[in-house]
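Please treat every number below as a calculation from the coordinates, not as lab data. For clarity, every value in this text was computed on a predicted model and none was experimentally measured. Note that each Cβ is placed from the backbone with ideal geometry, even for glycine, and that neighbours are counted across all protein chains shown.
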Amino acid sequence: MVSSAAPESPAGPGGKPVVSIQDVTHRYGGVVALDGISLDIPSGIMVGIVGPDGVGKSTLMALAAGSKKLQQGRVIVLDGDIADVRHRRAVGPRVAYMPQGLGKNLYLELSVHDNVDFMARLFGLSAEERKVRVKELLQATGLARFADRPAGKLSGGMKQKVGLCGALVHDPDLLILDEPTTGVDPLSRRQFWTLIDEIRAGRPGMSVIISTAYMDEAQQWDWIVAMDAGRVLATGTPAALMERTGTKDLEQCFITLLPEEKRRGHKVLTIPPRAPGKAEMAIEAHGLTRRFGTFTAVDHVTLSIERGEIFGFLGSNGCGKSTTMKMLTGLLPATEGTAKLFGSSVEAGSMEVRKNLGYMTQAFSLYGELSVHQNLVLHARLYHLPPEQAKARIEELVERFGLGAHLEALAEDLPMGLRQRLSLAVAVLHGPQILILDEPTSGVDPVARDSFWELLIDLSRKQGVTIFVTTHFMNEGMRCDRISLMNAGKVLACDAPQKLIEARRADSLETAFIAYMEDSAASTAPPVESKATAPAHVPAAEEPAPQPARTEQSPLRLGLGRMLAYTHNEAMQILRDPIRLAFAFVGSALLMLVFGFGITTDVEHIRYASLDLDQSPESRAYLEQFAAAGRFFEATPPARSADEALRRLQSDDVSVVLEMPPRFGLDFRRGSGPEVLAQVDGAMTFRGDTVEQYVQGVHSGLLRDPASGLRTAVPQEYAANIEERYMYNPTFESIYSIVPSVPALLLLLIPAILMTVSIVREKELGSIINFYVTPTGRLEYLVGKQLPYIAIGMVNFVILTVLALIVFRVPIKGSFLTLLLCTLFYVAATTGIGMVTSTFTGSQVAAVFVTAILTIVPTIQFSGLLQPVSTLQGGAGFVGSIWPASYYMHASLGAYTKGLGAGLIMRDVLFLAACIPILLAISFMGLRKQEK
Amino acid sequence: MKPLLNILWLGLKEIRSLLSDVVMVVFVIYAFTLAIYVQATGTSSEVNNASIAFVDEDGSALSKELLNAFYPPRFMLPEIITAADAQADMDRGRFMFVVVIPPRFEHDLRAGRNPDIQVNIDATAMQQAGIGAGYIRNIINDRIESFLKRTEESGPKPVQLVIRKLFNPNGISSWFKSVVAIINQITLLTVVLTGAAVIREREHGTLEHLLVMPLSSFEIAMAKVWANSLVILIATGVSLLVVVDMVLKVPFAGSVLLWFAGVVLYLFFATALGIFLGTISRSMAQFALLIILVVLVLMLLSGGSTPVESQPKWLQYLTYLLPARHFVSFSQIIIYRGGGLEAVWRQFLMVAAVGVGFFAYSLALFRKSIAVTQ
């Protein structure tokens, strides 16, 4: 390991290092991300951390920003230990951190202005300060025109600028930017660096630490840390490093610095010229256009590519490269224009074209859960290669692509470089004439990239395969026979790379590209993002004081401000997310209707058949009583035989058969007590039990009823008269019980799920970083996010109450105000349950299912919905006695159906109120202030 | 031939992917074993441990006799409360039933004056109140009769009613609930597995990859249908054998083969629903929210929770279109009542018709959605 415990004296003015990393090791599961690193980063200058993806750059930066929890070692930032909570809190406002990923810490539903404003609120700027500051920053970055656009609809470069505004809103002393320019077009990239330079000019003392995978970018910076495999390869100024390795550019320098075993087999790539002569057209596109709604993704692209050519497509994320490729492959129909492969037109879905095509999508698109060999075999089968031929072909490819040692490894466990080789192997498996590769090398280290290109060159030159490839890397563009530069759906120029450079008299492809972009911007519309290239008004430049816009406020007020910032933020987000909004409001109404209409325990209209084997006046009189039992029984044609009766019971045609025995009338008149047989369908137990009771009821009724014609001479003396009082619900209709009970379930399920999703979503999408790196307290965060959901819960309550009153006509007999108070406490408690489940679930899907199961099951089983709490015993009784839904169910039934006054509901109110702080405390303890 | 082979290979891949997803496998196993057992034996609509109290203003030998007639497991041991407390205790939900025996009850009874016994029922406990009240009435009548028999004359009843319960003579609710639980899990798991397979393929970009190969969207969808159906079918078989048959000892009256034929028809619908939901949701999170709503509605309206006949007529016409309802219906006919094909062909036909129709619709949607993925 090349440690640099004593760095070469850096050029910066700062004597003390701004960040000092001492013997830090970091692991993710079994994978070592940082391997015993020690490093002093000098202050006051621009420091670049370079290396390919997955070498530990991001981990290092997150540790320095205090957003990730330190596992082993020490990190000193701005003269204090970052592992110390108090130091983190004190130093937080002086550090700004922008995580990797385009706009990862932005809220995509919120507008540009609201995103920056939110960060300003978290750092405690007052309303007037915010107004001025946000406006200044947006103007300086050229975003002012897009202030009202949702962040999700911005291009990558613009998202990065919004992120930067958010980071700079509080004038930091240390700016940490993790791959801010990955996936951003060259012009935006240049503008971004100009912006950083201007900001640094205004705040000379500010230290900047930036990571990048583009070596050429880092060449301009003051000091470089080259990293590989969790270790530091070398540190120093770019010039010193290149001198030490005797190389001309940083990329070559980096390769030279790599340990011997990684470099083995690497040689400088040479590209043999293409054999001239036959000029068969492999790909021809004419006026290819694709629109999505009003947005034109690809605008009249015309191309012609010869067989065996390596054709490069350069451009930023979202410029239309991928869409063009999809149209060429027939994945996406073109809105206008034509595309032809080898002279035959590409129609969406044409099987012949697809057989001639090999495709590698952006990112890794094979089945990660299958092994290397299984992936190859699956594709051989899908292309219907005969088994013998497939076996030979796979062996050949495994040999040539160097996959032999990894045949049984799962594809997802492979390192990036190997994965890409596997993808390529799969793409060429069936020997296609055309290969279409969408950003095949992003995230791959330089050595692996070169060996990948060797394979491509081999395919093109030796086998005459036409290769169409897109890339971000300018040096890869240089390797193509011809390239086309693309921006905003248009091809700006198309020729051999060297010719393009010469045509613009530029020193590099990047400069040429930028020149073309500027031309196109000038010729079409007023400049969109080029504001920053003009001398921008950078606020910090004019304000010499280190902390100009900060007025002292009491900690309590600051905390309250941050809490409300989260409330405001959350409310805006949910209002702009149609699915969650629909779930919040339509979901509860829908379920209420389904429960109210669909769930009823009223057993009515029981279909019965008689089997009268006697046919006497008495037997008919007996059966007559069932026909007269009103809505409870519904007669069907009598059965003629016992067989028929059984068959009808079997096919669910009838639920009960009344069988009058032969000689019923005779036995009755004799007083010898004949037996009537009632066969009841018991398959559905509840219905069977109820039917049994009804039959019993009609039977005992008719014996007493003189009108039945069956009244016996001997009246039943000595019997008690049982008077049944159906309290609270005299008509005994289930709607009066179901409708008031359902809100207890819905006001638990829906607020809890929405709450848990709101927190877990931030974890999954990355915006929780804002919580990690700002002074926001855990309680402020939780309560701030909870408030909008309590409000949603209350609106839901109103919806449910209106449905109960108007649709189901179930009135509230008791105290509405007490119920309202009870509901307020209840939704505060149920959102609390959502908070608790968010502490132990990692993905939104898990959060939804876990919360649904954890809330639905006890509510249905133990809180009185099906079985009264008073009948539960043991564990079930205990759960029922602490589950908030039991109390709310009692209160709701009490207020609606039982007509209980405030006094009887008060116990429920008090219990629910007591739940709130307990749930909040559990969530408070479960919420981490740093990433693990 | 080629399309069939494609469907076969893709389906095998689908099964491999599923088996490598440990969380999903554990979830499936749990759902078809423990979850079924818990649902089947958890709450019951049987009257069990009903809380009951007596207001005994008589204090006679007969009133003591009545009090002793209520005991577990059906009822909790009755508590004696005062008339003044009765209302408040019921308001608080302490008791479901309060029986009031008036003063001089035994005396009046012997005098042939037919005295009143009041049974107060908490009618908000729908499932138990009606059936429980019936039990109470019968118990009181029987006790009074046998009490008087020891001392007085009492004639035979003019007509005897014999009630015979078919198909589940002892009214064991776990018989019914276990099968409903399996039906619910089949719906939930099939939709989750199929929908998640569609979304996973889209999120990982492998769907695009498949589409540039000489494969049709029909083949891709069909592979998901058979692979996920097979997994669910095996899980169902194991669940039926182990949980329902061996543990809960529910007898299977009809033909097992016939029932599985019905399940296969239903799976066609359920997988189509999974593809539909997986296609219309933009992310796993949205999919999860949608599933909660859709599956809950399907379960509630299928007739597994409460009888379909109790729904309002207009709703019954709507639920007639739900395959889940016919699934519940033919399952009951085959499993409990031992009905054959002649008893269930209508349900089979309806499930198949809706399943195929919905599958065609989902496939069209799926095809359209992949055409416009950006």
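Worth a mention:
- Radius of gyration and maximum dimension Dmax of segment A:256-310, Cα, Å: 20.2, 54
- Formal net charge of residues neighbouring A:PRO740 (Cβ-Cβ distance under 15 Å; K, R +1; D, E -1): -1
- For segment A:400-477: rounded, prolate or oblate by the Cα gyration tensor [a/c cutoff 1.5]: oblate
- Net length available on complete extension from A:GLU518 to A:MET478 is 12.3 nm, with 0.36 nm assigned per residue and the Cα-Cα distance removed.
- Note that segment B:259-374 carries a Kirkwood radius of 15.3 Å, evaluated over its alpha carbons pair by pair.
- Spatial extent of chain A: Rg and Dmax, with the Cα atoms as the point set, Å: 37.5, 124
- Under 5 Å from the amide H of A:GLY101 lies no amide H of any residue 5 or more positions distant or on a separate chain, with H modelled from the backbone and absent for Pro and chain starts.
- Shielding by other protein chains, A:379-385, mean Cβ within 10 Å: 5
- Separation between Cα centres of segment A:470-515 and segment A:390-455, rounded to whole Å: 27
- Ranked packing of A:72-84, B:76-88, most packed first, by mean Cβ within 10 Å: A:72-84, B:76-88
- For segment A:324-331, Karplus couplings with θ = phi - 60° (6.51, -1.76, 1.60), whole Hz, Gly/Pro x: 4, 4, 5, 6, 5, 8, x, 5
- Distance from segment A:815-879 to segment A:61-132 (C-alpha centre basis), Å: 35
- Evaluating 6.51 cos²θ - 1.76 cosθ + 1.60 at θ = phi - 60° for every residue in segment A:749-766, the Karplus couplings come out as 4, 6, x, 5, 5, 4, 5, 5, 5, 4, 7, 5, 4, 5, 5, 6, 8, x Hz, glycine and proline recorded as x.
- Segment A:349-463, relative contact order [Cα under 8 Å, separation at least 6], %: 42
- Using the average count of surrounding beta-carbon atoms within 10 Å as a protection proxy, the listed peptides A:627-635, A:228-236 rank, highest first, as A:228-236, A:627-635.
- Helix-only [θ]222 nm of the protein assembly as shown, DSSP H runs n ≥ 4, -39500 (n - 2.57) each, per residue, nearest 500: -16500 deg cm²/dmol
- Principal-axis tilt of helix A:816-840 within chain A, Cα atoms, nearest 10 degrees: 50
- Crossing angle, helix A:902-926 versus chain A [Cα axis fit, 0-90 degrees, rounded to tens]: 30
- Mean separation of Cα contacts under 8 Å, 6 or more apart, over the residue count of segment A:125-267: relative contact order %: 15
- Label zone at A:LEU646 (point 7 Å along Cα-to-Cβ), backbone N below 16 Å, segment A:597-635: A:611
- Inter-chain neighbour count for B:131-137: the average number of beta-carbon atoms from partner chains within 10 Å of each residue's beta-carbon is 5.
- Averaged over the residues of peptide B:111-118, the number of Cβ atoms from other protein chains lying within 10 Å of each residue's Cβ is 4.
- Anisotropy class of segment A:203-344 from Cα gyration tensor, a/c 1.5 cut: oblate
- Footprinting exposure proxy ranking of A:SER655, B:SER146, fewest other C-beta atoms within 10 angstrom first, gives B:SER146, A:SER655.
- In order along segment A:137-146, the Karplus-derived 3J(HN,Hα) couplings, from 6.51 cos²θ - 1.76 cosθ + 1.60 at θ = phi - 60°, round to 5, 5, 5, 4, 9, x, 9, 4, 5, 10 Hz, and Gly and Pro are given as x.
- Lys pairs, segment A:1-158 - Cα-Cα below 16 angstrom, 8 or more residues apart or on other chains: 4
- Packing, taken as the mean count of other beta carbons within 10 Å per residue, orders the peptides A:683-693, A:875-885 from highest to lowest as A:683-693, A:875-885.
- Here B:LYS13 is the anchor, and the lysines within straight C-alpha reach of less than 17 Å, apart from those fewer than 8 places off in the same chain, are B:LYS2, B:LYS224.
- Rg over Rh for segment A:780-833 works out to 1.07, both radii taken from alpha-carbon positions and Rh defined as the Kirkwood radius.
- Compared with the dominant principal axis of the Cα atoms in chain A, helix A:555-575 is inclined by about 80°.
- Measuring nothing but how far apart in sequence close Cα pairs (under 8 Å, 6+ apart) lie, relative to its length, chain A scores a relative contact order of 11 percent.
- With the cut-off at under 15 Å, measuring from each backbone N in segment A:46-65 to a point 7 Å along the Cα-to-Cβ line of A:TYR28 picks out A:52-63.
- A:ARG264-B:VAL25 FRET efficiency (beta carbon distance; Förster radius 56 Å; 0.05 resolution): 0.85
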